[in-house]
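First the structure, in the form of structure tokens, and then the observations on it.
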Amino acid sequence: MPDTARRPVFEPSAPNPYLPQVATVLEVIQETHNIKSFRLRLDDEQAWAKFSFEPGQLGQLSLFGVGESTFVINSSPTRKDYLQFSVMRAGEVTSALHGLLPGDKIGLRAPLGNSFPYKELKGKNLVFIGGGIGMAPMRTLLLYMLDNRTDYGDITLLYGARSPQDFSYAEDREDWLKRKDMRTVLTIDSPAEGWEHRVGLIPNVLTELKPSPENTVAVTCGPPIMIRFTLQALEKLGFVPEQIITTLEKRMKCGIGICGRCNIGEKYVCVDGPVFTYAQLKSMVNEL
């Protein structure tokens, strides 16, 4: 059972943690046939001026009368014109979110959860390994590091999708491919007409790239089956569990460690996660 003694306690006079702030959708970007990115800004100017978050933290987006779902903030804290969330259409709430247009109102509870250890990663080489929508949580960390480039060592990005049409962040990809201060490798599962980059499953391409584990941390996110084989590939390349960071997706409700919907043993993904090292995950393996 979860350790209820460690749940947060809220004073009666404190703001209601379940009450979302109202935000306005500024822009909607059609990333793929079933993924849209939403750029939004809080309506309360004072709240917006004070708003801050760290790479990897989450937000609860709500549509009044429909429901609420959790998504990573995938814009960077260094770029403060808006917050960006990428949403894959998969159910009632996400389908309703896909109907939003610029100017529409939305509820936001954020920031929630922990973050990537970006301060501890200074001076390290980074290998980002993303599959499909799994690029979303890594995008915020990658953008942050590129905006603070001198703080970090070599940066390699391996980004894969089923087909060329299943990649998100077209403008980012164009920029990443052109940059001289990072290495970008794109791959698709099967050959496609006109495709000029790699072909192969992400774990196989990773093995071919053979990134050195020396002074290096791997950050990976994607479908569970991809993560499983990517973790195996990284271990074969010499990465130890403490050198591998990933994020967990688990259905959340309250987002603040109260309801227990997202607990894994004594851990709550919404509070203790969503970012975990592989070493932490291995200690929770019996609960996953």
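The values are calculated or read from the model by the stated rules, or taken from the named source; none is laboratory data. Note that this is a predicted model, so its numbers are computed, not measured. All Cβ positions, glycine included, derive from the backbone under ideal geometry; neighbour counts span all protein chains shown. Note: areas computed on protein heavy atoms with side chains; ligands, DNA, RNA excluded. Shrake-Rupley method; radii C 1.70, N 1.55, O 1.52, S 1.80 Å.
There is no residue in the range 200-210 that is open to solvent by 20 Å² or more (accessible area, probe 1.4 Å), charged (D, E, K, R) and touching an Asp or Glu at 6+ places or on another chain (Cβ under 9 Å). Of everything listed in (1) under 16 Å from Arg39 (Cα atoms); (2) open to solvent by 50 Å² or more (accessible area, probe 1.4 Å); (3) over 20 Å from the mean Cα position of the chain (by Cα), the single unmet condition for Asp151 is (1).
The residue pairs whose first member lies in the range 240-269 and is modelled with pLDDT under 75 and β-branched (Val, Ile, Thr), whose second member is open to solvent by 10 Å² or more (accessible area, probe 1.4 Å) and in a strand (DSSP E or B), and whose beta carbons are closer than 8 Å, counting only pairs six or more residues apart or on different chains, are Ile256/Leu112.
Every condition in (1) surrounded by fewer than 22 Cβ atoms within 10 Å (Cβ to Cβ); (2) closer than 30 Å to Asn16 by Cβ is met by Gly257 except one, and the failing one is (1). Of Leu101, Leu141, Leu112, Leu108, all but one fail to be aliphatic (A, V, I, L, M) and open to solvent by 50 Å² or more (accessible area, probe 1.4 Å); the exception is Leu101.
Among the residues examined, Ser52 qualifies as open to solvent by 20 Å² or more (accessible area, probe 1.4 Å), in contact (Cβ under 8 Å) with a residue 40 or more places away in the chain and of a type in the set (Ser, Thr, Tyr). Among the strands (runs of 3 or more DSSP E) confined to the range 57-142, the ones with at least 3 residues that are under 13 Å from the mean Cα position of the chain (by Cα) and under 28 Å from Gln165 (Cβ atoms) are located at 67-72, 83-88, 125-131. Taken together, the residues in the range 30-47 that are within 20 Å of Asp172 (Cβ to Cβ) and open to solvent by less than 40 Å² (accessible area, probe 1.4 Å) amount to 8.
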